[in-house]
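The values are calculated or read from the model by the stated rules, or taken from the named source; none is laboratory data. A quick note: this is a predicted structure, and the numbers were derived from the prediction, not measured. All Cβ positions, glycine included, derive from the backbone under ideal geometry; neighbour counts span all protein chains shown.
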Amino acid sequence: MDDSVQARNGRTRARHGLAQVRDGVRAYRLISGMWIRSLMAYRLSFAMTAFGNFAVTAFDFAAILLMFSQVDRLGGYSLSEIALLYGATCTSFGIADLALGSMDRLGKRVRDGTLDTLLVRPAPVIAQVAADRFGLHRLGRLVQGAFVLGYALVVLDIGWTPVKILMVPLMVLCGAGIFAAVFVAGAAFQFAARDAAEVQNAFTYGGTTLLQFPPTVFAKDLVRGATYILPLAFVNWIPALYVLGRPYPLDLPTWTAFAPPLVAAVLLALAGLAWRTGLRSYRSTGS
Amino acid sequence: MRVRTGRFRLYAAVARSGFRRYATYRTATLAGVFTNTVFGLILAYTYIALWDERPGLGGYDQSQALTFVWLGQALLTVMALMGGGFEGELIERIRTGDIAVDLYRPADLQTWWLATDLGRALFQLLGRGVAPMVVGALVFDLALPGEPGRWLAFLVAVFLGVLVSFAIRFLVALSAFWLMDGAGTTQVAMLAGTFFSGMLLPLNVFPGALGEFARALPWSALLQVPADVFLGKHTGVDLLRTYAFQIGWAAALLTAGRLLQAVATRRVVVQGG
């Protein structure tokens with residue numbers, strides 16, 4: 001008797017959770033669709049921002065090309081090897097940025113009190129915050145990263161095995177998951193420190209800039225921090241170096257190259273927890 | 001004469017409030033310093049790798065190259081290379097029509113915004129420029145000038161750079177009179193600002209004609225020129241020639257802004273209600 005009640009409760013909770021996710025996805029789709037329509041009202045401006053978004057990261061790559069106009073290797077890596085690192089992290093970051101990039105506006109909403117509007121709407125707050133001012137022009141960044149990744153895969157001379165082939169999409173998707181966790185955690189942090197939105201840039205934009213270059217360029221302590229403390233290394237360094245057949249500067253077992261899904265899942269769970277804590281601690285502004 | 005000193009006092013007050021406005025947000029300033037420092041660290045290591053491979057690249061030794069990195073982080077917000085100055089606000093005022101109120105004021109539009117921007121730049125220099133530079137100097141071996149004269153020469157170059165930076169962003173903001181939404185032009189300006197100022201890579205590392213071209217553009221007055229003054233690459237008559245380059249661009253772009261402002265304000269149609 002007791003068992004069946006518990007089972008039923010469990011099932012209801014599971015169904016409830018699933019319904020919540022479905023609600024969230026639906027709200028996200030509706031809100032982002034609205035923002036896309038509104039963005040399209042200023043077409044010239046949209047074209048310019050999308051191109052600009054493409055060009056921002058393209059200029060990052062241009063800087064690397066300019067470096068390679070002066071040298072043949074950087075940190076012992078060739079241009080095409082760096083292109084693989086660059087393409088992988090920029091594509092991952094592009095996906096996360098397209099989906100969740102607006103979350104850094106949360107601090108502003110907390111400050112001016114407009115977050116309250118989102119709280120009374122019958123849709124998950126995180127979906128509303130993520131879709132708020134959804135910027136389709138961010139596709140520019142994603143496309144640029146994908147171009148460079150494609151270029152790297154074509155020019156690199158790799159002994160492809162089925163595992164290595166599978167590793168590439170896995171790396172990009174899990175990397176996106178890891179960056180998504182950073183975006184969510186950054187937004188959660190803004191509940192505590194409203195004006196400190198810029199701190200998160202150090203980990204998002206700073207993170208992807210770090211990962212564009214091979215780990216051999218950086219001081220060991222920085223690499224250790226990016227591996228053990230905030231494990232951004234799992235976005236591309238560790239899996240890409242496995243694909244390239246190069247040793248990672250820290251002594252890690254080979255199986256860690258297959259750990260990105262686990263790392264992404266743990267980080268997303270932690271970020272979700274941080275988000276809940278932040279949202280629960282939110283006390284609206286006074287009148 | 002009375003009118004002139006009155007005007008000066010007005011714009012001085014506007015500049016002071018521009019300074020105070022940015023100084024109010026201490027957490028945001030701290031957050032910005034943190035982010036600039038992280039970026040400085042990342043870039044510094046890539047420059048070390050580059051200069052290890054090619055010592056003396058672009059006429060810099062390694063410590064000069066590292067100094068360039070930290071100067072870039074220090075001047076990033078001062079020169080509003082990635083935006084974040086007054087232009088967003090002015091664009092919003094043009095879009096909403098609040099600009100009509102500004103045009104009614106007994107003050108000149110361009111000078112008014114220049115005053116606020118000078119106040120902002122001074123705060124960013126003190127609040128966001130000094131701290132990352134100190135961290136950089138503690139972690140790496142930087143080429144800091146020994147003689148006070150060069151520090152002074154650097155500050156003059158920074159001031160002239162802010163004038164050029166303002167003049168560019170004023171033109172960008174006025175584009176909103178025609179486009180209504182300034183996001184596109186702002187972004188294009190930001191791109192040019194990061195690439196041609198030397199923020200991505202010092203302009204003297206750019207190969208051949210591209211380097212010559214980049215060094216002749218106004219954006220080089222924002223970072224490359226002040227950094228080279230700081231590193232002692234321009235002294236004596238050459239220093240004066242460098243200042244003349246900055247003043248020339250500032251004058252040309254400020255005049256262009258003035259002309260565009262005259263054309264734009266003739267276009268303003270305020271909706272009645």
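Residue-level check: of (1) outside any helix (DSSP H, G or I); (2) within 25 Å of the chain's Cα centre (by Cα); (3) not β-branched (Val, Ile, Thr), A:ASP72 misses just (2). Residue-level check: of (1) surrounded by fewer than 21 Cβ atoms within 10 Å (Cβ to Cβ); (2) under 20 Å from the mean Cα position of the chain (by Cα), B:THR35 misses just (1). When you check A:THR204 against the structure, is it of a type in the set (S, T, N, Q) and either more than 14 Å from chain B (Cβ to nearest Cβ) or farther than 21 Å from A:ILE82 by Cβ (or both), yes or no? No; evaluated as a whole, the condition is false for this residue. Could we say that A:ALA240 is more than 20 Å from A:ILE82 (Cβ to Cβ), of a type in the set (A, V, I, L, M), under 18 Å from the mean Cα position of the chain (by Cα) and more than 10 Å from every other protein chain (Cβ to nearest Cβ) here? Judged against the criteria, A:ALA240 is not a match.
Out of B:ALA244, B:ALA250, report the one residue that is out of contact with any Leu (no Cβ under 9 Å at 6 or more places or on another chain) and small (Gly, Ala, Ser). Don't jump to the end; show me each part of the working.
On the way: B:ALA250 fails: out of contact with any Leu (no Cβ under 9 Å at 6 or more places or on another chain).
Every option except B:ALA244 fails the conditions.
Residue-level check: of (1) within 14 Å of another protein chain (Cβ to nearest Cβ); (2) touching a strand residue (DSSP E or B) at 6+ places or on another chain (Cβ under 9 Å); (3) over 23 Å from B:LEU41 (Cβ atoms), A:ALA192 misses just (2).
Looking for whichever is more than 21 Å from the chain's Cα centre (by Cα) and under 21 Å from B:LEU144 (Cα atoms) here; the options are B:THR235, B:THR242, B:THR265. Which one fits?
Numbers: B:THR242 fails: more than 21 Å from the chain's Cα centre (by Cα); B:THR265 fails: under 21 Å from B:LEU144 (Cα atoms).
Checking each option against the conditions leaves just B:THR235.
In the stretch A:206-229, the qualifying residues are those that are in a helix (DSSP H, G or I) and without any contact (Cβ under 8 Å) to a residue 24 or more places away in the chain, and the one that is surrounded by the most Cβ atoms within 10 Å (Cβ to Cβ) is A:LEU210. All conditions but one from (1) surrounded by fewer than 21 Cβ atoms within 10 Å (Cβ to Cβ); (2) more than 24 Å from A:VAL21 (Cα to Cα) apply to A:ARG141; the one that does not is (1).
Going by the structure shown, is A:PHE46 surrounded by fewer than 22 Cβ atoms within 10 Å (Cβ to Cβ) and aromatic (Phe, Trp, Tyr)?
Numbers: surrounded by fewer than 22 Cβ atoms within 10 Å (Cβ to Cβ): yes; aromatic (Phe, Trp, Tyr): yes.
Taking the combined requirement at face value, the residue satisfies it.
The set of residues from the stretch B:34-76 being at the interface with chain A (Cβ under 10 Å from one of its Cβ atoms) and hydrophobic (A, V, I, L, M, F, W, C) comprises B:PHE34, B:VAL38, B:PHE39, B:LEU41, B:ILE42, B:LEU43, B:ALA44, B:ILE48, B:ALA49, B:LEU50, B:TRP51, B:LEU57. The set of residues in the stretch A:231-246 that are part of a loop (DSSP other than H, G, I, E, B) and out of contact with any Leu (no Cβ under 9 Å at 6 or more places or on another chain) comprises A:GLY245, A:ARG246. Identify, please: which residue in the stretch B:99-116 is assigned to a loop (DSSP other than H, G, I, E, B) and more than 26 Å from the chain's Cα centre (by Cα) and is, among those, surrounded by the most Cβ atoms within 10 Å (Cβ to Cβ)? Step by step, filter the stretch B:99-116, then rank; the result is B:ARG105.
Each row is one residue, and each column tells you yes or no for (1) in contact (Cβ under 8 Å) with a residue 12 or more places away in the chain; (2) buried (at least 19 other Cβ atoms within 10 Å of the Cβ).
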residue	(1), (2)
B:ALA31	no, yes
B:PHE39	yes, yes
B:ALA49	no, yes
B:PRO55	no, no
B:LEU76	yes, yes
B:ALA80	yes, yes
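When the stretch A:34-49 is filtered for residues that are within 9 Å of chain B (Cβ to nearest Cβ) and either part of a helix (DSSP H, G or I) or touching a residue at least 12 places away in the same chain (Cβ under 8 Å) (or both), the ones remaining, listed by number, are A:LEU44, A:SER45, A:PHE46, A:ALA47, A:MET48, A:THR49. Restrict the check to the stretch A:258-277 and report whether at least one residue is surrounded by fewer than 20 Cβ atoms within 10 Å (Cβ to Cβ), of a type in the set (Ser, Thr, Tyr) and part of a loop (DSSP other than H, G, I, E, B). No, because not a single residue in the stretch A:258-277 is surrounded by fewer than 20 Cβ atoms within 10 Å (Cβ to Cβ), of a type in the set (Ser, Thr, Tyr) and part of a loop (DSSP other than H, G, I, E, B).
One line per residue, one yes/no per condition, for (1) crowded, with 24+ Cβ neighbours inside 10 Å; (2) of a type in the set (Ser, Thr, Tyr); (3) touching a helix residue (DSSP H, G or I) at 6+ places or on another chain (Cβ under 7 Å); (4) assigned to a helix (DSSP H, G or I):
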| position | (1), (2), (3), (4) |
| --- | --- |
| B:PHE159 | no, no, no, yes |
| B:LEU163 | no, no, yes, yes |
| B:PHE170 | yes, no, yes, yes |
| B:VAL188 | no, no, yes, yes |
| B:GLU212 | no, no, no, yes |
| B:TRP219 | yes, no, yes, yes |
| B:VAL225 | yes, no, yes, yes |
| B:ASP228 | yes, no, no, yes |
| B:LEU240 | no, no, no, yes |
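Kindly indicate which of B:GLY72, B:GLY85 is of a type in the set (Gly, Ala, Ser), buried (at least 20 other Cβ atoms within 10 Å of the Cβ) and outside any helix (DSSP H, G or I).
Numbers: B:GLY72 fails: outside any helix (DSSP H, G or I).
The match here is B:GLY85.
Taking the criterion of being part of a helix (DSSP H, G or I) and either facing chain A (nearest Cβ under 7 Å) or buried (at least 20 other Cβ atoms within 10 Å of the Cβ) (or both), the residues of the stretch B:190-210 that qualify are B:MET190, B:LEU191, B:GLY193, B:THR194, B:PHE195, B:PHE196, B:LEU203, B:VAL205. Scan (1) modelled with pLDDT under 85; (2) more than 14 Å from chain B (Cβ to nearest Cβ); (3) closer than 24 Å to A:GLY186 by Cα for the single condition A:VAL25 breaks and write down its number. For A:VAL25, the failing item is (1).
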